[in-house]
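Before any comments, here is the structure.
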Amino acid sequence: MTTEKISPDCPECGNRRKRLPPGRESQYHVYCDECGHDFGRFDHFQAQFRHLLDDVESHLKHPDDEARS
């Protein structure tokens, strides 16, 4: 398994803006807004960042929030 740095930057032009053109359910692809690089399917793109989001959310939780649950 290769370990690649996950980055929101486009590997071709470095732009961070993405576009999600109309498509069929579960078949949306994410493209770079500047050069059109295809990042792949949205669900795969989202899954790459899921662990990062979970980690950030866990750091932002206040200790009292868990006591209330």
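Throughout, read-outs are computed from the coordinates displayed, never taken from laboratory work. Here the structure is a predicted model, which means the values were calculated and not measured. Using ideal geometry, Cβ is built from the backbone for each residue, glycine included, and neighbour counts are taken over all protein chains shown.
Would you kindly work out the equivalent ellipsoid of region 18-60 from its C-alpha gyration tensor and give its semi-axes, the square roots of five times the eigenvalues, largest first in whole Å?
Values: eigenvalues 113, 31, 12 Å².
Largest first, region 18-60 gives 24, 12, 8 Å.
Let's see if you can work this out: charge +1 on each Lys and Arg Cβ, -1 on each Asp and Glu Cβ, no other charges. What is the dipole magnitude of region 18-60 about its Cα centre, in debye to the nearest 20?
Using Cβ point charges on Lys, Arg, Asp and Glu, region 18-60 gives about 180 debye.
How far apart, in nm, are the 7 Å Cα→Cβ label points at Ser58 and Phe42?
Here the modelled spin labels are 2.8 nm apart.
Give the long-range amide H neighbours of Tyr28: residues separated by 5 or more places, or on another chain, with amide H under 5 Å away, using H modelled in the peptide plane at 1.01 Å from N.
Amide H to amide H, under 5 Å and 5 or more residues apart or across chains, Tyr28 pairs with Phe42.
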